[in-house]
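Visitor: There's a structure below that I have some questions on.
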Amino acid sequence: MANEIWTIKRCLEWTKEYLAERGEEHPRLSAEWLLCAATGLARIDLYMRMDETLNAAQLETMHAAVVRRAKGEPLQYITGSTQFRMIDVTCAPGVLIPRPETEMLVEEVLNYLDAEVLSPEAAARQRVELPWNDEVEEARKAEAALADERATAERRAANLTAADEAALGGDVLGSRAYAEELADREAEEAAAQAAEAEAAEAAEPELDEYGIAIEGADQETASAQDAASPAPAEPRIARVLEVGCGTGCISLSLAWERRGHITCTATDIEPRAIDLATKNRDALGLTSDEVAFSLTNLVSSIPREEWGTFDVLVSNPPYIPTGVMRSLPHEVKDFEPDLALEGGADGLDIFRRLLNAAPYMLRAGGLFACELYEGALDAAAELCRQAGLSDVRIVHDLTDRPRIVRAIVTEPKQRQ
């Protein structure tokens, strides 16, 4: 193989056929992932440089990767990374691979914090109701349409179907929804700044009976208003406790998307997970003050003085029922860690322990949110009600399957 001339095009076609013969469900998509990792090129660049020849090192990397994939090893372990919301996450064997469903868990936490804890300035995603919001919305729709057109052209260039793209959760093309969301935020911030500028220009001085501005009137009025208005409260930093952090994708996304407004404490019982999560944090430029990782069993390492101070307890715990473990796909059950998957007979063993800890960890009104097995959500919700939690809700994922239970701690507890 190394003595022959292997262009990107030839390698792509050969890999696709090789993997298809071995039962790969999406052979072309897998071939593209592996080639991107071996060459360092973006997927779209593969199709712009089809005639380029792979060097010896690239061929060796590609050969090893194809062998691993043919045995069923997950692409994320082979390539060493995946995309999660707005960040790139390094992946490694021994640590659970982030799933698209977990992106929704992050969204639920952000929605709660934006509405209940953070200041309007921190919750930049909230809509600002202004007269020209319709214009902003039209601009956002135009940007979203352009993004969709580009994605469509990209799929056509790669002969990639929408079903193929959905099969890998949008990892290859990236999360356009979050890119559009970011553009939406920027447009809203610009609109808010324009509103402030217009309000400042519109302020007119007080006039006397002859139409002459009264000197010092503005200052006196402003001083009187300042004296009458209470000083604005200092914006509060939200505190999140994550149990079972894995790659760190949940805590890192929360801290990254609301940087300066959220701090996270994240635990895991697996040393490899803590090491990997720390590397992911460092790669993002986040500090240990923003996201602190701790090797411990559930909440055992949380200092007593921090009990009852968290706004959110969030977790994607092991939740696959023991009887379902046998039916998991080969690349999951034979490559990803059982410790991060199996949740006991009904999938709720770890959830019960987290539910027991939540009233001790959370302040009054704090959010408890967990991703769980789709067949266990009704039972989990009932357990939350029996434990005295309020506003218990089940959230469905993008395929309309029950995926997340969330509830509010109304009566915190103190352990004697």
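The values are calculated or read from the model by the stated rules, or taken from the named source; none is laboratory data. Because the structure is predicted, anything quoted here is derived from the model rather than measured. With ideal geometry, Cβ positions are generated from the backbone for all residues, glycine too; neighbour counts draw on all protein chains shown. Just the protein is used for accessible areas: all its heavy atoms, side chains included, with ligands, DNA and RNA removed. Shrake-Rupley method; radii C 1.70, N 1.55, O 1.52, S 1.80 Å.
Visitor: Counting other Cβ atoms within 10 Å, keep those with at most 14, restrict to DSSP loop, and tell me which trypsin sites (Lys or Arg not before Pro) in the stretch 49-94 are left.
Guide: 49, 71
Visitor: OK, next. Hey, got a sec? Which GluC sites (Glu not before Pro) in the stretch 1-76 land in a DSSP loop and have at most 12 other Cβ atoms within 10 Å? Working shown, then result.
Guide: Numbers: sites: 4, 13, 17, 21, 24, 25, 32, 52, 60; in loops: 4, 24, 25, 52.
Qualifying residues, ordered by number: 4, 25.
Visitor: Answer rounded, prolate or oblate for the stretch 13-56, using the Cα gyration tensor with square roots of eigenvalues a ≥ b ≥ c: rounded when a/c is under 1.5, else prolate when a/b is larger than b/c, else oblate.
Guide: Details: a/c = 2.15, a/b = 1.80, b/c = 1.19.
Because a/c hits 1.5 or more and a/b exceeds b/c, the stretch 13-56 counts as prolate.
Visitor: Right, next: Per the Cauchy relation, a quarter of the hull surface: what is the mean projected area of the convex hull of the alpha carbons in the stretch 1-112, in nm²? Numbers along the way, then the final one.
Guide: On the way: hull surface 31.9 nm².
Convex hull of Cα atoms, orientation-averaged projection: 8.0 nm².
Visitor: Can you give the Rg and Dmax of the stretch 362-416 based on its C-alpha atoms, in angstrom?
Guide: 12.1, 44
Visitor: While we're on this one: Taking N as the number of residues in the stretch 257-363, what is its alpha-carbon radius of gyration divided by 2.2 N^0.38 Å?
Guide: 1.20
Visitor: Keeping the other protein chains in place, figure out the carbon and sulfur percent of the accessible area of the stretch 290-416, with a 1.4 Å probe. Could you put the intermediate results ahead of the total?
Guide: Numbers: 2940 of 5990 Å².
The C+S portion of the solvent-accessible surface of the stretch 290-416 is 49 percent.
Visitor: Further question: Quick one: pull the percent of accessible area on the stretch 15-76 belonging to carbon and sulfur, 1.4 Å probe, ligands and nucleic acids left out. Walk me through the intermediate numbers first.
Guide: Details: 1450 of 3000 Å².
Accessible surface attributable to carbon and sulfur in the stretch 15-76 totals 48 percent.
Visitor: Per q in 0.19 1/Å, what log10 I(q)/I(0) does a Debye calculation on the alpha-carbon atoms of the stretch 290-414 return?
Guide: -1.08
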